[in-house]
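Inspection log for the structure reproduced underneath, given as structure tokens.
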Amino acid sequence: MLSCISWFELEYGRQRSPDPVRTGVRLSLLRAFFVDALPFGEREAERAAWVRSHLAVTKPSPLHIGPYDVLLAGHALSLGAILITNNTREFSRVPGLEIEDWQVT
């Protein structure tokens with residue numbers, strides 16, 4: 001599964017890349033495995049809002065994560081999916097979110 005939020009981040013990276021054509025070829029290869037980008041709807045928005053709200057009231061101090069990471073975490077939680085990332089430090093703050101570091105496994 002590929003989140004449309006992940007696709008946004010990958011496409012943004014391609015457009016800012018020093019070689020967008022080469023990066024685009026790599027993204028095309030990735031899309032051969034992940035044909036459809038899963039949409040982000042109301043259920044996903046509710047889970048993302050829960051993530052943001054939960055982290056904001058964490059004691060003794062809030063444990064904020066980036067705004068797109070909140071959306072990715074909410075999307076993964078709503079799907080019951082494992083979030084594949086290299087950013088385990090931030091995503092490990094989200095209760096119930098199963099994460100896997102793509103550089104380790």
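Values in this text are rule-based calculations from the coordinates and carry no lab data. Remember, predicted model here, so these are calculated numbers, not experimental data. All Cβ positions, even for glycine, are placed from backbone atoms using ideal geometry, and neighbour counts span all protein chains on display.
Observations on the structure shown:
- Relative contact order computed over the chain (Cα-Cα under 8 Å; 6+ residues apart), in percent: 23 percent
- Inter-site label distance for R31 and S53 at 7 Å from Cα along Cβ, in nm: 3.6 nm
- Helix 4-16 and the longest principal axis of the Cα set of the chain meet at an angle near 50°.
- The GluC sites (Glu not before Pro) of the stretch 26-105 that DSSP puts in a loop, and whose beta carbon has at most 13 other beta carbons within 10 Å, are E98.
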